[in-house]
Amino acid sequence: MSFDALETSLASGQPLRLYHFARGVDSWRYSSGDRDITHNTLVYESVPGGIADDGIRQTGQTSPDKLTLTVPADLEVAQLYRAAPPSTAVTLTVFALHWTEADYIVIWSGNVRSVRWPQPDRASIVCAPLSEAMDATGLRLTWDRSCPHALYSAACGVSAALWRVEATVQSVDGASVESGAFAGYPDGWFTAGYLEWFVGSVTERRGIERHVGSTLWLLGGASGIPVGATARAYRGCPQTTAACISFDNLPNYGGIPHLAGVSPFDGRNPY
């Protein structure tokens, strides 16, 4: 029978939901049923303790349309958010189908926004629909003395590869990482830059809050970074003209360093 026929039948349907999480080439697949389900040659695992959502809503508004999944506290996807959240999005696609039938529909698609643990043995995964991106207000370029461009972006024009430092992580605590490779640069060299390392096939990144000697303090902490891992640290930028000159990039400076210190809209004439 077709999906529509089963969905509208009084007693023939055996509904299932399949949850496909993905991050880059990594994926996690779960079934709402009591056994593993093979769908489109992929296996969706049953979850001990069960996995369920709070229902699909299509109001046209982002906040009411969020989807919350209730899952076991130790579910692998939930554990990604135990400390700092992943630096790249984890997507979720939800399929609806019926047991033993191949016909299906995609009923929801979006991104994981947060995970919380309301009970010791349960976690809540909050997901936002793809329409959330269309509701976001675009960033406007404003007049400012400092440079508004993100370091190493196309607007900035500086090549990240030229300012990358390879290092082996020698020690990790809750907030910082240490490597002798960082000590070869002046204090503050990596401040406002970022550190990246590899977790399987995924590149993880965290911003650098402060650099002193051989130590980098990271935004979001240093949990998840293994000792002995190969990491890449990228020089930071305070977004001043002096820093832009040190990058040999002054023509791309996006700020107005000689901007007047008074507003042209307050009714006063400073001249």
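The numbers here are math on the coordinates, done by the rules we state, and not lab data. Computed from a prediction, not measured in an experiment: that's the story for all the values here. Heads up, the Cβs are rebuilt from the backbone with ideal geometry, glycines too, and the neighbour counts pull from every protein chain shown.
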* Asked: To the nearest 20 debye, what is the magnitude of the charge dipole of region 3-134 about its Cα centre, counting +1 on the Cβ of each Lys and Arg and -1 on the Cβ of each Asp and Glu?
  -> 460
* Calculate the spin-label point distance for LEU250 paired with TYR185, positioning each point 7 Å from the Cα along the beta-carbon direction, and give it in nanometres. => 2.3
* Considering the alpha-carbon set of region 131-190 alone, what are its Rg and its Dmax in angstrom? -> 17.4, 47
* How big, in percent, is the set of alpha carbon pairs in region 160-252 lying more than 19 Å apart? -> 35
* Structure fact -> If the chain between ALA242 and ASN111 were fully extended at 0.36 nm per residue, the gain over the current Cα-Cα distance would be 43.2 nm
* Asked: Given charges of +1 on the Cβ of Lys and Arg and -1 on the Cβ of Asp and Glu, with all other atoms neutral, how large is the dipole of region 160-252 about its Cα centre, in debye to the nearest 20?
  -> 140
* Using only the Cα atoms of the chain, what do you get for the radius of gyration and for Dmax, in Å? -> 24.5, 83
* Structure fact -> Calculated from DSSP helices alone, with each H run of at least 4 adding -39500 (n - 2.57) and the total divided by the residues of the chain, [θ]222 nm to the nearest 500 comes to -1500 deg cm²/dmol
* To do: Scan around CYS237 for amide H atoms under 5 Å from its own, H built in the peptide plane at 1.01 Å from N, and keep only partners 5 or more places away or cross-chain.
  => GLY193
* Structure fact -> Diffing region 28-33: the Karplus 3J(HN,Hα) column from phi (6.51, -1.76, 1.60, θ = phi - 60°), in whole Hz with x for Gly and Pro, holds 9, 10, 10, 10, 7, x
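Quick check of the Kirkwood formula: for region 46-169, what is the inverse mean of 1/r over all pairs of different Cα atoms, in Å?
On the way: mean 1/r = 0.0551 Å⁻¹.
Here the Kirkwood hydrodynamic radius works out to 18.2 Å.
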* Additional length obtainable on full extension of the chain from ASP103 to THR38, 0.36 nm per residue less Cα span -> 22.1 nm
* Among THR168, THR41, THR240: highest mean-square fluctuation, GNM of the chain, C-alpha pairs under 10 Å -> THR41
